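Here the structure is laid out as structure tokens; the discussion comes afterwards.
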Amino acid sequence: MELSSKYNPQETQDKWLKFWKDNNIFHLKADGHKRPFTIVIPPPNVTGILHMGHALNNTLQDILVRYKRMNGFQALWMPGTDHAGIATQNVVEKQLAKEGKTRQDIGRGEFLKRLWAWKKEYGDTIISQLEKLGSSCDWSRTRFTMDDDYSNSVNEAFISLYNKGLIYQGTRIINWCPRCQTALSDEEAEHKEKNGKLYYIKYPIKSSVNLESSVNPSESCQSLLKSSVIASEAKQSFYIVVATTRPETMLGDTAVAVNPADPRYSQLIGRTLILPLMNREIKIIADDFVSADFGTGAVKVTPAHDPNDFLMGQRHNLPKINVMHPDARINEQGGKYSGLDRFEARKQVLADLETLGCLDKIEDHKNAIGHCYRCDTVVEPYLSKQWFVSMKPLAKPAFEAVQNNNIRIHPAHWTKVYNNWMENIQDWCISRQIWWGHRIPVWYDNKGNVFVARSRYEAMAQAEAKHGMTVDLIQDEDVLDTWFSSWLWPFATLGWPKDNEDLKYFYPTDTLMTASEILFFWVARMIMAGYEFMGNKPFSDVLIHGTVRDAKGRKMSKSLGNAIDPLEIIDEYGADALRFSLIINSGQDIFISKEKFEIGRNFANKIWNASRLVFMNCSPTLDTQGLNLDHLDLPSRWILARFYDTLEKVSHCIEQFRYSEAEILIQDFFWGNYCDWYLELIKAQFTDTRIQKTAVFVLENSLKMMHPFIPFVTEEIYSKLNVSDICLSRAAWPIRQGLLIDTKADLQMQSVIDIIGAIRNIRTQWNIKSHDTLDVYIIPSEDGIKAVLEDNSLHIQRLGRLKDLVINASIAPVKNSATALIGSTKVFIPLTGLVDLNAEKIRMNTAIDQKKKNVDSLNIRLHDPVFTLKAPEDIINKERERLGTLNKEIAALESVLANLA
RNA sequence: GGGCGGUUAGCUCAGCUGGUUAGAGCAUCUGACUUACAUUCAGAAGGUCGAGGGUUCAAUUCCUUCACCGCCCACCA
């Protein structure tokens, strides 16, 4: 058995990545003899490369799936990538723009070719990057959301919903991104609070008496007001003031609305206004939507550019005037502003209103403006014909599943967020006016009849049946929202709608791990799709993990330049280091700076070196089978007990999704117990084969326990052991062996550790050179401890660096010593000349005082009848015991104090 | 506007169903004979658990008010 003196993570990674791949280690099939366990990967977008969020997300999944596999499950981790519609189209458009071209220039076919080339390159890259992380996916099953089979699943889902009446086409106000020139769903419009303005605009009232004839299209607001002085006898305002944040939309106004109960305006309902700039006559209408206490209580109504106004328009039968081109330039309906960009038009409109005297005032106003989640352009509420999914019927079973714990979300507080969204769910706009994606499976004939079909061929057949003759059909130009394909991921990847062995065996999947950002986009919709298409939940547990942020708490992003590249970390520190450090830091959100990766690097290095020590001293043919506790020394019994205790806790933590805690336990055990104590203690005893056996046994099983977290270094060391498994990734999780656990060992070992600790403490306290050996006298408190200390006196001597050690209950306290107390066991270190006795006295007194304080408060409590009456018996007993112990300790300290000269 | 989280050592966080003297890592300070490891080892110092009130024999833990920070959702123009 031999390990190189310096650990080389990169070499190890390369070796095992190749080994796993060459031996198909993670390829799994349905196997009726084993229980299935399935995780589907949140498919990364093919837009880019691995970032820290991916690294965290996939490490979490890998830990769980490796753990399950080691526990005998047929644990499948399904990998793949997402075509990410708009996002990918955008990056390729940008690439094209560098050549000075647009997608329209090269046409749909050519553009799609470019996209597929991009997908090939970046899809492969990200998969290989996931591999580098150590992800134990079944790579032979890698899926892409636009694979042929997958596209069939998408069509099937569309058709099924359409046939049930849950997909419909409608002309509505949707979120429109003028840059991407496509519709977005509500979720794809990110609302950002901005400091904007609220503009108050005067809309002149057309006088029923005097002004009718004088109004002409060119007349200004100013003159209108002048002439309306005549109308003052009517004792009415000459204009009505409306407030708006988007003044340019007034070009499309077709009414002004007030609340029917608002006394200020009740007289005016039904009157006609002159829309400034456009000089269009519009009516004042009454609608409950308008609240009297906001702004002026009067609202301009623009049915083609605002969702509420749209609804009001429908209620009042108002014309819907669309004043914008798809790129948000004003169109010919906008009169003289035609051709101007919306923001340019806003400036112009305001300037013109000002000139006319129709701009009443401008106030600062905070409001949330929707931005495209892919390009950050301000979205425009825009009237257009789109496809929608009715969500309420789909949401019902999905809501209930979480409600009745059929699906559990962790941490549980996310359930509330989920419920809140589900309860307020709106219909989902699924059509996108882009080219990259699943073409909507809908064809039209020249009369506008709709044929929904799996293929053109099928649509043609439908049309022929309808018309009795062959007719020309045109397919809908639009593609589906990318999430309309990813919501099928848990079963489409397993072959749905085709009924097959894998689907039956691996579905429902078990655990889904993802970041909170896509709870609505993806998780909630997958749950809906699972019940809708499979009649069953897609997974049982959802783990929502935090976002990776930089040390200042900012999201990592390319534009901020604060991103740490996981691949750079893998090259510099190793994949194990990356994984270990990320997980141990993962609480809620996780704050990462480059130095944090030293934690994992150092730990891997520690494991390597501890193994080297063992390997240098233990026989290569050692068989750890048949290890038993008979006459085994205390440190060995102790490390075994500690191992099994840790193993149980670690297993529990993994099951509970408490991974950082699991890593802390592992580190505490391996570094804090095995390396710092056990290996240090046995260094002088390596000739003992039973100790060798124990050392190797614990190492071997620790490697298994650590493997899900740090697969590479553990594989490498494990492969050098005398084991029969093909590799550690195929080994079994250790099982608790009661026969190897001595429950008393922990307590006994603790007193040895404490004694050594006390000696070391005194050494530093009194500044004693480490090469000065000491004499130590111990007066054990009882025979049990005496025996333990005697058995381990060599250890105490060696680690305490002692010349002489006397353990004797009947010796007199040693004068002029530094003293320590372990329980009631007294430790004396004669230090005449080295120790300032007064200082030592002060030290003793402080200790006594502190203990006395504790005694006092305990006494008060124990003599309080309310406490003794109400507190549970075991608590009272514990307190009594503690009082007894404290008193003994005080007595011991006092006797020591008395002996200080 | 609604909802959700957070506030514990200089920093980053643990602390699960209330019960001894509130833990860890990093940073700091002191020291290091020893070829497994300086990516190391030993030791120390550091906290009125955000503020007030309440429930309880007992509160970092449960309830409540407040302050500050963060996130999500939302059609008040």
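Below are the figures for this structure:
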quantity: Lone qualifier among A:589, A:571, A:576 - being closer than 19 Å to residue A:54 by Cα, modelled with pLDDT of 90 or more, within 16 Å of RNA strand B (Cβ to nearest atom) and surrounded by fewer than 19 Cβ atoms within 10 Å (Cβ to Cβ); calculated: A:571
quantity: Qualifying position, being closer than 19 Å to residue A:652 by Cβ and either in contact with a Lys or Arg (Cβ under 8 Å, 6 or more places away or on another chain) or open to solvent by less than 10 Å² (accessible area, probe 1.4 Å) (or both), among A:85, A:80, A:72; calculated: A:72
quantity: Options A:797, A:765, A:748; residue that is surrounded by 14 or more Cβ atoms within 10 Å (Cβ to Cβ) and free of Cβ contacts under 8 Å to residues at least 24 places away in the same chain; calculated: A:797
quantity: Entirely in region A:606-725, the helices (runs of 4 or more DSSP H) that have 2 or more residues that are within 13 Å of RNA strand B (Cβ to nearest atom), among the small types (Gly, Ala, Ser) and within 28 Å of residue A:9 (Cβ to Cβ); calculated: A:659-667, A:689-706
quantity: Residues of region A:856-901 that turn out to be closer than 27 Å to residue A:828 by Cβ, of a type in the set (Val, Ile, Thr) and more than 8 Å from RNA strand B (Cβ to nearest atom), as a count; calculated: 2
quantity: Single unsatisfied condition, residue A:294 versus (1) assigned to a loop (DSSP other than H, G, I, E, B); (2) surrounded by 15 or more Cβ atoms within 10 Å (Cβ to Cβ); (3) of a type in the set (A, V, I, L, M, F, W, C); calculated: (2)
quantity: Residues of region A:403-427 classified as outside any loop (DSSP other than H, G, I, E, B) and either acidic (Asp, Glu) or in contact with a Ser or Thr (Cβ under 6 Å, 6 or more places away or on another chain) (or both), total; calculated: 2
quantity: Residues being of a type in the set (Ser, Thr, Tyr) and over 19 Å from residue A:318 (Cβ atoms) - total across region A:241-282; calculated: 2
quantity: Filter result for residue A:774 (under 51 Å from the mean Cα position of the chain (by Cα) and open to solvent by less than 70 Å² (accessible area, probe 1.4 Å)); calculated: no
quantity: Meets criteria (open to solvent by 60 Å² or more (accessible area, probe 1.4 Å) and either part of a helix (DSSP H, G or I) or within 16 Å of RNA strand B (Cβ to nearest atom) (or both)) for residue A:18; calculated: yes
quantity: Odd one out for residue A:364 among (1) modelled with pLDDT of 90 or more; (2) out of contact with any His (no Cβ under 7 Å at 6 or more places or on another chain); calculated: (1)
quantity: Yes/no for residue A:654 being closer than 20 Å to residue A:70 by Cβ and of a type in the set (A, V, I, L, M, F, W, C); calculated: yes
quantity: Contacts under 6 angstrom Cβ, first residue in region A:839-867 being under 14 Å from residue A:878 (Cα atoms) and open to solvent by 80 Å² or more (accessible area, probe 1.4 Å), partner within 9 Å of RNA strand B (Cβ to nearest atom) and part of a helix (DSSP H, G or I), 6 or more apart; calculated: A:861/A:867
quantity: Some residue of region A:365-386 being more than 23 Å from residue A:518 (Cβ to Cβ), in contact (Cβ under 8 Å) with a residue 12 or more places away in the chain, within 16 Å of RNA strand B (Cβ to nearest atom) and open to solvent by 50 Å² or more (accessible area, probe 1.4 Å); calculated: yes
quantity: Of the criteria (1) of a type outside the set (A, V, I, L, M); (2) open to solvent by less than 10 Å² (accessible area, probe 1.4 Å); (3) in a loop (DSSP other than H, G, I, E, B), which one residue A:530 fails; calculated: (3)
quantity: Boolean, residue A:50 is assigned to a loop (DSSP other than H, G, I, E, B), out of contact with any Ser or Thr (no Cβ under 8 Å at 6 or more places or on another chain), buried (at least 21 other Cβ atoms within 10 Å of the Cβ) and modelled with pLDDT under 90; calculated: yes
quantity: Any chance residue A:841 is over 30 Å from residue A:816 (Cβ atoms) and of a type outside the set (A, V, I, L, M, F, W, C); calculated: no
quantity: Qualifying residue in region A:551-564 (condition: modelled with pLDDT of 80 or more and buried (at least 23 other Cβ atoms within 10 Å of the Cβ)); calculated: no
quantity: Criterion violated by residue A:396 - all others in (1) surrounded by fewer than 15 Cβ atoms within 10 Å (Cβ to Cβ); (2) within 15 Å of RNA strand B (Cβ to nearest atom); (3) part of a helix (DSSP H, G or I) satisfied; calculated: (2)
quantity: Options A:900, A:893: the member that is open to solvent by less than 40 Å² (accessible area, probe 1.4 Å) and outside any helix (DSSP H, G or I); calculated: A:900
quantity: Output for region A:310-327, where each listed residue is surrounded by fewer than 22 Cβ atoms within 10 Å (Cβ to Cβ) and part of a loop (DSSP other than H, G, I, E, B); calculated: A:317, A:319, A:320, A:321, A:322, A:325, A:326, A:327
quantity: In region A:298-309, the residues that are crowded, with 21+ Cβ neighbours inside 10 Å and either hydrophobic (A, V, I, L, M, F, W, C) or within 8 Å of RNA strand B (Cβ to nearest atom) (or both); calculated: A:298, A:299, A:300, A:301, A:304, A:306
quantity: Condition check for residue A:502: open to solvent by 20 Å² or more (accessible area, probe 1.4 Å) and of a type in the set (Asp, Glu); calculated: yes
quantity: Subset of region A:267-297 that is within 13 Å of RNA strand B (Cβ to nearest atom) and acidic (Asp, Glu) - its residue that is farthest from the chain's Cα centre (by Cα); calculated: A:287
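The values are calculated or read from the model by the stated rules, or taken from the named source; none is laboratory data. This is a predicted model, so every value here is computed, not measured. Cβ coordinates were reconstructed from backbone atoms using ideal geometry, including for glycine residues, and neighbour counts include every protein chain displayed. Just the protein is used for accessible areas: all its heavy atoms, side chains included, with ligands, DNA and RNA removed. Shrake-Rupley method; radii C 1.70, N 1.55, O 1.52, S 1.80 Å.
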